Structure formats: C-alpha cells, structure tokens
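Below: one structure, written as structure tokens.
The values are calculated or read from the model by the stated rules, or taken from the named source; none is laboratory data. The shown structure was predicted, so the numbers you read here are calculated from the model rather than taken from an experiment. All Cβ positions, even for glycine, are placed from backbone atoms using ideal geometry, and neighbour counts span all protein chains on display. Side chains included, ligands, DNA and RNA excluded: accessible areas come from the protein's heavy atoms. Shrake-Rupley method; radii C 1.70, N 1.55, O 1.52, S 1.80 Å.
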Amino acid sequence: MSVIPSIVEKSIIRFDVDQVRKDFPVLFQEVYGKPLVYFDNAATSQKPQVVIDSLKKYYSEYNANIHRGVHFLSQKASQAYDDVREKVSGFINAKSEREIVFVSGTTEGINLVASSYGRKNFSPGDEVLISTMEHHSNIVPWQMICEERGAILKVIPISDSGEILMEEYKKLLNSKTKFVSIVHTSNSLGTVNPVKEIIQLAHEYKIPVLVDAAQAVLHEQVDVQDLNCDFLCFSAHKMLGPTGIGVLFGKINLLESMPPYKGGGEMISSVSFEKTTYNEVPFKFEAGTPNIADVISFGVAIDYLLTSDRKAIAEYEQKLLSYAIKSLSDIEGIRFIGTAKKRTSLVSFVIDGVNALDVGMSLDTQGIAVRTGHHCTEPVMDRMKVPGTIRDSFAFYNTMNEIDKLKEGLIKAIRLLKK
Amino acid sequence: MNNKGISAIEDEIVEEFELFDEWTEKYEYIIELGQKLSDLDEKYKIDSNKIKGCQSSVWLNAYEKDGLIFFEADSDSTFVKGEIALLIRVLSGQKPADIVSNELAFIDKIGLRQHLAMTRANGLASMIKQMKLYALGFQSQEKA
C-alpha cells in the first residue's frame with residue numbers, strides 16, 4: 001500500500017524550478033563573466049518567452065488601432081485586446097470586466113483615484129489615511145489632492161518589526177476620515193498587511209479603501225470580492241508582463257460616480273464644441289489610443305500564471321524566504337529590516353560598518369543583481385532609523401543555490417569593504 | 001600647489017585605468033582609493049556642505065589659497081569616496097578658471113559613467129557641479 005505523500009513532497013513533484021527557469025531566457029547569461037543571479041524581482045519581474053513572443057507576434061502579424069477600424073486587422077487586435085479585460089477580471093475575481101480600467105501602472109491607478117475621486121469628494125478638514133510603509137506612489141498623489149482640497153493626510157504608525165499597529169489604526173478612523181489607501185505587501189519590508197481586516201474596519205465608517213497590490217499579485221491570489229476592497233491597483237511588469245501597463249480595479253458604482261481623469265479620444269460618447277458626453281465605464285477613464293500591444297502581452301502573462309500551480313509557487317517562494325533568512329543570519333553584523341510574521345519572499349537588511357550602495361555594487365561585480373537604497377519608501381527608512389537597505393527579492397524562478405551565491409557574495413563584499 | 005595642469009592629471013588617471021580589463025577591477029581600485037582618502041574633519045560635515053544623493057551623502061569643503069582652490073570631501077559610501085578622490089586629484093589645487101572650464105573627459109574615458117546608474121551618475125554630476133560653483137564663486141570674488 002502506498003503512503004500518501006506529505007504536502008511538501010507533493011509540492012516538489014508539482015514544482016520543478018529547473019524546468020520553470022527554461023521559460024525565462026534572460027536568466028541564462030553571464031554578467032562580468034559570472035552567471036547572472038537576479039534578485040531584483042520586486043522592482044520588476046523577468047518575462048517568460050511566451051510573453052516576449054506575443055509582443056513580436058502582435059507587431060508582426062496584426063498591429064492595428066482598435067475599436068474604430070472596420071478592417072480585419074483592427075477587428076483581430078480589438079478582439080485580442082478586449083479578451084484581456086475579461087481575463088484580468090477573472091484573475092482578481094471582479095464582478096464584471098467593467099470594473100477593470102487599464103492604466104500605465106500602479107502609480108497611475110492611484111493618481112487616477114486620488115485626482116478623480118478626491119477632487120469630487122474631499123473637503124477642507126477631511127482626512128485621508130495611509131500607512132508609514134507606503135511607496136512614494138501611495139503618498140505623493142494623496143499629498144497633492146489633500147493640498148488642493150484642504151484635506152489632511154494622516155499616517156498609521158507601524159511597529160519595529162514593520163507591522164501596522166491595528167489599535168492605532170482604529171483610533172485614527174473617525175467621521176472625518178474620507179479615504180483609506182493601503183499597501184497590500186510592502187516593497188521595502190516584505191510585510192503582508194491584514195488588508196481584509198483593514199477594509200472591514202474602514203467600511204464600518206463607510207470609508208472606501210484602495211489597495212496597492214503591486215507587490216502581491218505575482219506571489220498570491222488576490223480576490224477583490226473576498227477582500228471587499230473599493231479600489232485595487234497593480235502593474236503588469238511586476239507579474240511577468242510588459243512595462244507600461246497596469247490595472248485599476250474599482251467597484252462599478254464608485255467608478256460611475258467619478259469624473260473623467262483625462263480627456264481625449266476613446267473616453268467620449270459624443271463631442272461638440274458646446275458639450276461633450278463621456279463614454280461609459282471603464283472607457284471613460286481610458287483617453288487616447290490604449291497600450292494595445294502591452295495589454296495583449298499582459299494577457300499572456302496572466303495565462304502563464306493561471307496555468308502554473310500557484311499554490312506550489314507560493315510554497316516554494318516561502319521556502320526561498322526561510323532559507324535566505326536562515327542562511328544570511330550567520331553573517332556578522334547583519335540586521336534584517338522588516339521582520340513581520342507574514343512576509344512575502346524578500347529580505348531587506350543592513351550590515352554594520354558597510355554602506356548598502358557599496359555592497360550592492362560589489363554584488364553587481366559578482367553578477368548578483370539586488371536593490372539598494374530607500375526603495376522609494378523614505379518615510380519607512382526614517383521610521384526604521386536606517387538610510388537605506390540592501391534588498392533581495394525572490395521569484396519562483398530563483399533557486400536555493402542562488403541564495404548560497406548571495407551569501408558568498410556578501411561575505412566577499414564585506415571582506416573587501418572592511419579592509 | 002599642484003604643479004600639473006588638469007589635462008595632464010586626467011591623462012595619468014586614464015593611463016592607470018588602462019591596466020584594468022574588467023569593471024570588477026576598476027570597482028575594487030575605486031574602493032581602494034576611497035579607503036585611502038582621509039576623512040573630512042567633523043567640523044566640515046555640516047548641512048551647508050552636504051550634497052544629498054539618492055543613495056549616498058557627500059560633504060564637500062572648499063578653500064582658496066594663493067589664487068588656487070583646494071577641495072576636501074567625504075562620503076558615507078566608500079565607492080563614492082573613491083570617485084571623490086579622483087575628482088580631488090584632478091581639480092584640487094587648480095586655478096578657478098581652469099576648474100570652471102574643464103569638461104572632465106576622463107570620467108568617460110575610464111568607463112566610469114557607463115557603469116553608473118542614473119541616480120549615482122547624477123550624484124557624481126552634482127558633486128562636479130558643486131566644485132565648479134565654488135570655483136565660480138572664488139573667481140567672481142577675485143574680480144570684484
């Protein structure tokens with residue numbers, strides 16, 4: 001009689017990293033004569049061959065402007081483009097594809113909501129809540145609209161381990177709060193926030209919540225109906241897709257209540273010099289010729305993820321994380337910045353007596369790509385009392401062996417820099 | 001006083017870097033230069049002397065003696081300090097007019113610029129700009 005394999009054994013069977021790596025051509029190259037180790041996935045992920053091929057196929061076989069052309073190519077391109085909206089809707093479990101607005105990326109999505117929703121709904125004295133661990137993209141648009149509308153930006157504090165202080169959050173919620181905008185997964189600390197609970201608490205005061213899911217979508221399944229978020233943004237390039245395209249999800253009644261953000265073609269219903277009427281949601285927010293090629297490629301990236309075993313991927317990435325923490329902990333003078341209980345597959349740290357930039361450059365000479373600095377989250381660096389960190393962010397095509405190389409690389413860098 | 005002109009020193013540096021084939025070796029040499037450069041006196045590490053970069057900070061102090069400008073500087077990054085060492089070697093002890101007019105072609109020639117990401121290259125650029133501004137300041141004082 002056979003023994004039922006444990007979950008771990010199962011995941012080994014289901015997930016073969018060597019096989020997966022073959023899908024990512026960029027990984028097979030040498031940098032300064034050393035095999036590339038790519039640990040800057042939180043900045044942008046690498047692209048599978050099928051995504052790269054789809055861009056070439058679009059431009060060589062059916063490039064045309066969409067929705068207006070009566071000709072064959074235009075119809076083919078329109079169909080391919082429209083299919084992706086439906087695909088995205090399914091990917092995050094939206095109720096309808098009308099809730100999916102294509103934007104250039106997470107940053108534009110947040111700017112759209114801050115500008116359109118904020119301009120209509122914020123009054124002097126109103127409060128907008130964000131957390132200490134936000135990316136600059138989820139700080140600056142709110143600062144801008146708050147300044148314009150005379151509203152006040154309030155910041156939820158975080159603990160030393162990099163977790164949102166929920167009791168402090170509850171205290172900040174009040175009748176003046178008009179919006180909460182919160183990061184799902186921190187790009188600099190790795191913290192995965194209890195967004196569902198954050199949303200529930202805000203909804204008790206009927207406050208809408210935007211979720212910045214840029215760092216989440218590659219690593220876990222994000223379900224907008226389960227979260228019950230009002231808005232959610234993410235970027236294709238951080239989830240195997242091309243740059244320059246992203247998604248704003250918004251509940252349909254909210255999107256319908258909001259004024260357009262940019263004017264131009266595609267977003268109109270009819271135009272005269274006296275009066276223009278706007279197209280319906282989501283087209284109302286998509287002025288101009290859209291990013292057709294990248295939307296189509298984005299669809300291929302979603303297909304790639306959906307046909308992968310996402311549970312196995314998540315388990316594998318958590319193993320990479322545990323291995324990295326255990327392995328790097330031996331390094332003398334290392335201090336991890338961001339030690340939340342629930343974390344995504346990245347480590348952020350400082351090492352006593354050496355500068356993060358110098359370490360990053362030394363790793364680069366050894367073929368290891370990491371990110372150093374404040375990671376566009378200056379306030380969180382101030383909170384953690386460090387000028388910047390060394391961040392290694394993993395994806396499912398990374399290996400334990402690469403983490404061993406990182407450790408060797410760090411030891412070499414420290415030896416050189418402490419001479 | 002520095003006996004050599006700026007171009008002559010630049011040529012020397014370019015020659016030195018020709019010994020290295022790979023970027024790794026250049027990186028390690030610049031680190032070594034940074035480690036050798038003496039620290040700036042704490043009294044000069046003040047905000048008015050600070051050039052804030054994206055990933056590192058630089059403190060630059062300048063003074064004039066017998067019509068020549070002298071620089072001393074420091075950084076929290078050893079690599080940036082190594083870059084500073086090169087800039088000081090070229091520009092410190094020179095005449096204000098020479099500092100202002102020189103285009104520092106050696107930076108391209110030794111392959112430094114192409115290896116720097118924009119943020120860091122900008123840090124180097126703002127350092128050079130600040131050095132030239134000091135020189136301009138002393139130059140206009142002289143004329144006044």
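Each residue in the range A:222-251 was checked for being assigned to a strand (DSSP E or B) and either among the hydroxyl-bearing types (Ser, Thr, Tyr) or outside the structural domain of A:Gly90 (by TED's automatic domain parsing) (or both), and 1 of them qualify. Taking the numbered list (1) away from every other protein chain (no Cβ under 14 Å); (2) open to solvent by 50 Å² or more (accessible area, probe 1.4 Å); (3) of a type in the set (Asp, Glu); (4) under 29 Å from B:Phe138 (Cα atoms) in turn, B:Glu18 passes all entries but (4). A Cβ distance below 8 Å, combined with a sequence gap of six or more or placement on separate chains, defines the contacts here; from the range B:53-70, residues that are within 17 Å of B:Lys4 (Cβ to Cβ) reach residues that are modelled with pLDDT of 90 or more and open to solvent by 40 Å² or more (accessible area, probe 1.4 Å) in the pairs B:Gly67/B:Lys95; B:Leu68/B:Lys95; B:Ile69/B:Tyr63; B:Ile69/B:Lys95; B:Ile69/B:Tyr134; B:Phe70/B:Tyr63; B:Phe70/B:Glu64. In the range A:385-407, the count of residues that are surrounded by fewer than 17 Cβ atoms within 10 Å (Cβ to Cβ), under 21 Å from A:Asp160 (Cβ atoms) and outside the structural domain of A:Asp212 (by TED's automatic domain parsing) is one or more.
Looking at the range A:309-400, the helices (runs of 4 or more DSSP H) lying wholly inside it that each contain 2 or more residues that are more than 11 Å from chain B (Cβ to nearest Cβ) sit at A:310-328, A:378-383. When the range A:169-225 is filtered for residues that are open to solvent by 10 Å² or more (accessible area, probe 1.4 Å) and among the hydroxyl-bearing types (Ser, Thr, Tyr), the ones remaining, listed by number, are A:Ser175, A:Tyr205.
Which ones in the range B:36-60 are open to solvent by less than 70 Å² (accessible area, probe 1.4 Å), within 11 Å of chain A (Cβ to nearest Cβ) and not in a loop (DSSP other than H, G, I, E, B)? Matches in the range B:36-60: B:Ser57 only.
Restricting attention to the range A:307-351, the residues that are within 25 Å of A:Ala413 (Cβ to Cβ), free of Cβ contacts under 8 Å to residues at least 24 places away in the same chain and of a type in the set (S, T, N, Q) total 2. Filter the range A:65-81 down to the residues that are without any contact (Cβ under 8 Å) to a residue 60 or more places away in the chain, surrounded by 15 or more Cβ atoms within 10 Å (Cβ to Cβ) and not polar (S, T, N, Q) and list them by number. Selection gives A:Lys76 alone.
If the condition is being within 17 Å of A:Ser60 (Cα to Cα) and part of a helix (DSSP H, G or I), then the range A:290-304 contributes A:Ile292, A:Ala293, A:Asp294, A:Val295, A:Ile296, A:Ser297, A:Val300. Considering only residues in the range A:238-261 that are in contact with an Asp or Glu (Cβ under 9 Å, 6 or more places away or on another chain) and over 21 Å from A:Phe179 (Cβ atoms), the one that is most open to solvent (accessible area, probe 1.4 Å) turns out to be A:Thr243. Return yes when B:Glu64 is among the charged types (D, E, K, R), more than 14 Å from chain A (Cβ to nearest Cβ) and either loosely packed, with under 14 Cβ neighbours inside 10 Å or touching a His at 6+ places or on another chain (Cβ under 6 Å) (or both) and no when it is not. Spelling it out, it is not the case that B:Glu64 is among the charged types (D, E, K, R), more than 14 Å from chain A (Cβ to nearest Cβ) and either loosely packed, with under 14 Cβ neighbours inside 10 Å or touching a His at 6+ places or on another chain (Cβ under 6 Å) (or both).
Cβ-Cβ distances below 6 Å connect no pair with a first residue in the range A:30-54 that is within 14 Å of chain B (Cβ to nearest Cβ) and under 24 Å from A:Asp212 (Cα atoms), a second residue that is modelled with pLDDT under 95 and part of a loop (DSSP other than H, G, I, E, B), and a separation of six or more residues or different chains. Assess whether A:Ser123 counts as being part of a loop (DSSP other than H, G, I, E, B), over 17 Å from A:Ala202 (Cα atoms) and touching a helix residue (DSSP H, G or I) at 6+ places or on another chain (Cβ under 7 Å). Taking the combined requirement at face value, the residue satisfies it. Which residue, of A:Val26, A:Val51, A:Val31, is at pLDDT 95 or above, within 29 Å of the chain's Cα centre (by Cα), surrounded by 15 or more Cβ atoms within 10 Å (Cβ to Cβ) and of a type in the set (A, V, I, L, M, F, W, C)? Within the list A:Val26, A:Val51, A:Val31, the selection yields A:Val51. A:Leu254 fulfils the conditions (1) of a type in the set (A, V, I, L, M, F, W, C); (2) in a helix (DSSP H, G or I); (3) over 26 Å from A:Pro208 (Cβ atoms) except for a single criterion, (3).
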